[in-house]
1. Please determine whether any residue of segment 83-102 is of a type in the set (A, V, I, L, M, F, W, C), in a strand (DSSP E or B) and at pLDDT 95 or above.
2. Of all the strands (runs of 3 or more DSSP E) wholly in segment 146-247, which have at least 3 residues that are loosely packed, with under 10 Cβ neighbours inside 10 Å?
3. Just for segment 20-46: of the residues that are aliphatic (A, V, I, L, M) and either under 30 Å from Ile114 (Cα atoms) or at pLDDT below 70 (or both), which one is farthest from the chain's Cα centre (by Cα)?
4. So which of Arg140, Arg128 is surrounded by fewer than 17 Cβ atoms within 10 Å (Cβ to Cβ) and in contact with a helix residue (DSSP H, G or I) (Cβ under 6 Å, 6 or more places away or on another chain)?
5. Cβ-Cβ distance below 6 Å, separation of 6 or more or different chains: which pairs start in segment 50-69 with a residue that is within 14 Å of Pro106 (Cβ to Cβ) and end on one that is of a type in the set (Asp, Glu) and in a loop (DSSP other than H, G, I, E, B)?
6. Please tell me if Phe158 is at pLDDT 85 or above, assigned by TED's automatic domain parsing to the domain that holds Phe115 and within 16 Å of Met97 (Cβ to Cβ).
7. Select from segment 181-221 the residues that are of a type in the set (A, V, I, L, M, F, W, C) and either touching a helix residue (DSSP H, G or I) at 6+ places or on another chain (Cβ under 9 Å) or assigned by TED's automatic domain parsing to the domain that holds Arg84 (or both) and list them in ascending order.
8. Test each condition in (1) in contact (Cβ under 8 Å) with a residue 24 or more places away in the chain; (2) farther than 30 Å from Phe156 by Cα; (3) not aliphatic (A, V, I, L, M) for Lys238 and report the one that comes out false.
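The values are calculated or read from the model by the stated rules, or taken from the named source; none is laboratory data. All values reported here derive from a predicted model rather than from experimental measurement. Note: ideal-geometry Cβ built from the backbone for every residue, glycine included; neighbour counts use all protein chains shown.
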Amino acid sequence: MHVQQTLRIMATILAGMLLASCASEMRRAENKAHNQQLDTPVIVKVTTPPFDEAYAKAAMAKGSSTIKGVVFHKIANGGKDAGRDAGLLNFASGTPMPNVRVYLFPATEHIKEIFRLEDENRAQRVWRKVQLKSFDGDPRAYKYVLIAKTDSNGLFEFTEMRPGNYLLVAENMFITSNGQETIPVGTSYETAGYVVSRYGATEIPRMVVHTEERHFRVKTEVSFNKVINVPANNTVVKVEARMRLVR
């Protein structure tokens, strides 16, 4: 009788453990499906403010100024944080980024709002898990854009520009960086000395932290967009397009 009771108790415990395991698996599957849904961009139409085609057309008429720039990025934290600002005492030059497409839009309120919404959506996803969105503007806005590609030194150029404000956008890029870091792997204690009294010698312990060097490989998405001004008269505008960590 005692054996049967024990078996019933064990069966109940095992059944409970099985149910708990199944529930845990279901929660993991639900969380994975939820995260996949949030990471699938939802297209959002942007209609306000409306696109000013007359302004864009006038801005893209030929002028006599030039925009010259360089696209680059920096890596902080020993190679882990591509695009992140390094410490104030780190004045290391950036790494030029070749073969990056650079777009130049007339800085209409419509196109500025699209990129503002994108930046806001990225920032919100840092602090909480929100839906990833892709903002789609007036199709006419994409007719009035100039495209350049950086050379092996990260340099680009737009010529025959008119005075006015423009939105400079570098396509989002992925940077793969390699590095090495020191990782704590455990602790132990050793004798640092002794305290001698009339009762004898008492050991003084000291904790020792054990570490090892590990290599890492990190893939980081970086981006750049900024409104720049081309002043009147024949001039050359220089731009440093620092690619920063995508939020």
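1. yes
2. The strands (runs of 3 or more DSSP E) meeting that bar are 164-197, 200-230.
3. Filtering first and then ranking leaves Ala20.
4. Within the list Arg140, Arg128, the selection yields Arg140.
5. Cβ pairs passing all conditions: Phe51/Asp138.
6. Criteria not met by Phe158.
7. Hits for segment 181-221 are Phe216, Val218.
8. In the conditions (1) in contact (Cβ under 8 Å) with a residue 24 or more places away in the chain; (2) farther than 30 Å from Phe156 by Cα; (3) not aliphatic (A, V, I, L, M), Lys238 misses (2) alone.
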